[in-house]
Ligand SMILES: Cc1ncc(COP(=O)(O)O)c(C=O)c1O
């Protein structure tokens, strides 16, 4: 086989479909959020241009918070750059332990467990639970993130998909199963591409009725919802009824890493049997120190959450008033429908080249074909002038490309 030719052909196919991913080369400078420098032509300093970033998951700008940077720098100087091993073999640092305590307390759980990313947290926790609970069947929301799907697949447990955000469908499927069987229900709180929010209370009612373990991914909600940033489950007073809360340290908390929070026994079980937890080097202590500073700050600063929600609501209203096709979203995520892969890429290119605005196109397979979109994520740092520029730029691009306006 000509391996290289195969690789090239597959990439050409992606390009022809408009789904080839082009990374924007960015430098996000401390203190200048949400502005950044974009280098469209590496090595050519004349091509460097300033842009306003409108698609970051650094939802609160915490990656640049002075306390977070200071904690990271200080810990790196004091404790070194790397953890030095897996958690079991010399790689547990006191910063990891403190961060796990903080996260357990944030979610009102006995314990928490850190992973190198939110992806690895889902992969490991779901794989371990579903594989090691005897004869377990997993019920998975049809829109679950790739990391959850990967964990469920890896477990090789039986799986059934329930209709997105549909507790009645979940109830029907669970009702047909042996009541004695181990059941694990996996779903998200905020779905990151549509911005819709799960009916958590109703899903948990169904889980309790059928004796199923509940597992919620709050990756796009931790830091952002609830009085202390414990996520939508905290906001809705439901955290104590959910068995596993999974989150990330990379988005609302602005650093990197993932975790689960749950009962002592469940966390110890994943700690003791989870392969992608056991067999990998732990997070650098400086990362744990930065995340700890971030979680503490975000917990104590509800104003940041209020401002975040206000900015998102303002952007949605302004875009709708301008006749742009904002997709319905109950959360801080503002998806604007383009509906075609190539046009979505072109719209993104024009925003960057003509208006200094960076919004990455979201195409298949991240979203279904025909629903390609620009996914806009306002932060507390986007001021009114930035919003004015965004609205004007999108209007100009929509006109230029003849894109569909709001229905
Ligand atoms: C719903 C969901 N879960 C998990 C992850 C993975 O989290 P992380 O970026 O921390 O690996 C993502 C990433 O974007 C996500 O959208």
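Every number here is computed from the coordinates shown, using simple stated rules; none is lab data. Here the structure is a predicted model, which is why all the values come from computation and not from measurement. Positions of Cβ are generated from backbone atoms using ideal geometry, with glycine treated the same way; all protein chains shown enter the neighbour counts.
Tell me, what is the percent relative contact order of the chain, built from C-alpha pairs under 8 Å that lie six or more residues apart? Walk me through the numbers on the way to the answer.
Values: 808 pairs, mean separation 85.4, N = 407.
It rounds to 21 percent for the chain.
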- line: For residue 73 and residue 181, extending 7 Å from Cα along the Cα-Cβ vector and measuring point to point gives, in nm, a value of 5.6
- request: Specify the residue with the greatest mean-square fluctuation among 49, 15, 241, computed from a Gaussian network of the chain linking alpha-carbon atoms under 10 Å apart.
  value: 15
query: For residue 10 and residue 135 in one chain, what is 0.36 nm times their gap in residues minus the Cα-Cα distance, to one decimal in nm?
result: 41.1 nm
query: Helix 94-106: angle to the longest alpha-carbon principal axis of the chain, degrees 0 to 90, nearest 10?
result: 90
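How much length, in nm to one decimal, is gained on full extension between residue 406 and residue 153, taken as 0.36 nm per residue of separation minus their Cα-Cα distance?
Details: separation 253, 0.36 × 253 = 91.08 nm, distance 3.87 nm.
Length difference between fully extended and current span is 87.2 nm.
Label the range 228-291 by shape, choosing from rounded, prolate and oblate, from the square roots a ≥ b ≥ c of the eigenvalues of the Cα gyration tensor; if a/c is under 1.5 it is rounded, and otherwise prolate applies when a/b is larger than b/c, oblate when it is not. Don't skip to the end; give the middle numbers.
Values: a/c = 2.86, a/b = 1.17, b/c = 2.44.
The shape class here is oblate.
In whole Å, what three semi-axes, largest first, describe the equivalent ellipsoid of the range 131-251 built from its Cα gyration tensor (square root of 5 times each eigenvalue)?
Details: eigenvalues 105, 48, 33 Å².
They are 23, 16, 13 Å, listed from largest to smallest.
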- request: Any chance you could give the angle, 0 to 90 degrees and rounded to 10, that helix 264-273 forms with the longest Cα principal axis of the chain?
  value: 80
task: Could you work out which residue, out of 155, 90, 56, moves most in a Gaussian network model of the chain, that is, has the largest mean-square fluctuation with Cα springs under 10 Å?
output: 90
message: Ranking request for peptides 228-235, 300-307, 162-169, 135-142: highest mean number of other beta-carbon atoms within 10 Å first, then the rest in descending order.
response: 228-235, 135-142, 162-169, 300-307
field: Distance between modelled label sites at residue 205 and residue 41, nm, 7 Å Cα→Cβ extension
entry: 6.1
- request: Calculate the tail of P(r) for the chain: the fraction of all Cα-Cα distances greater than 38 Å, expressed in %.
  value: 23
- request: Largest first and to the nearest Å, give the Cα extent of the range 293-387 along each principal axis.
  value: 43, 29, 25
query: What full-extension length gain, to one decimal in nm, is calculated for residue 20 and residue 368 as 0.36 nm per residue of separation minus the Cα-Cα distance?
result: 123.8 nm
statement: Nearest 10, in degrees from 0 to 90: the angle of helix 200-210 to the longest Cα principal axis of the chain is 30
- request: Tell me the label-point distance for the pair residue 161, residue 383, using the 7 Å Cα-to-Cβ offset, in nm and rounded to one decimal.
  value: 4.6
field: Theoretical ellipticity at 222 nm over the chain - DSSP helices of four or more residues, -39500 (n - 2.57) apiece, nearest 500
entry: -13500 deg cm²/dmol
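Kindly state, as a whole number, the per residue volume in cubic angstrom of the convex hull around the alpha carbon atoms of the range 151-202. Provide the component values of the computation, followed by the final result.
Details: hull volume 5.0 nm³, N = 52.
Value for the range 151-202: 96 Å³ per residue.
Can you put 65, 94 in order, fewest other beta carbons within 10 Å first? Can you show the working numbers first?
Details: 65 23, 94 11.
In increasing order of surrounding Cβ atoms, one gets 94, 65.
Would you please put 361-367, 148-154 in order of how densely packed they are, using the mean number of other Cβ atoms within 10 angstrom per residue and starting with the highest? Can you show the working numbers first?
Working: 361-367: 18.3, 148-154: 20.7.
Put in order of decreasing packing, that is 148-154, 361-367.
Please say if the range 164-228 is rounded, prolate or oblate, where rounded means a/c under 1.5 for a ≥ b ≥ c the square roots of the C-alpha gyration tensor eigenvalues, and otherwise the choice is prolate for a/b larger than b/c and oblate otherwise? Walk me through the numbers before you get to the answer.
Numbers: a/c = 2.61, a/b = 2.01, b/c = 1.30.
Prolate, because a/c is 1.5 or more and a/b exceeds b/c.
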message: For a distance above 23 Å, tell me the whole-number percent of Cα pairs in the range 1-99 that qualify.
response: 59
message: Using a Gaussian network model on the chain with a 10 Å cutoff between Cα atoms, which of 308, 210, 332 fluctuates the most?
response: 210
task: In whole angstrom, note down how far apart the Cα centers of the range 88-122 and the range 209-261 are.
output: 14
query: What is the Cα coordinate range of the range 46-173 on the first, second and third principal axes, sorted by size from largest, in whole angstrom?
result: 54, 45, 31
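If you take the C-alpha gyration tensor of the range 339-404, multiply each eigenvalue by 5 and take the square root, what semi-axes do you get, largest first, in whole Å?
Working: eigenvalues 86, 42, 17 Å².
Value: 21, 14, 9 Å, ordered largest first.
With N set to the residue count of the range 329-370, report its C-alpha Rg divided by 2.2 N^0.38 Å to two decimal places. Working shown, then result.
On the way: Rg = 11.0 Å, N = 42, 2.2 N^0.38 = 9.1 Å.
Ratio of Rg to 2.2 N^0.38 Å for the range 329-370: 1.21.
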field: Over the range 1-143, relative contact order from alpha-carbon pairs under 8 Å, at least 6 apart, %
entry: 8
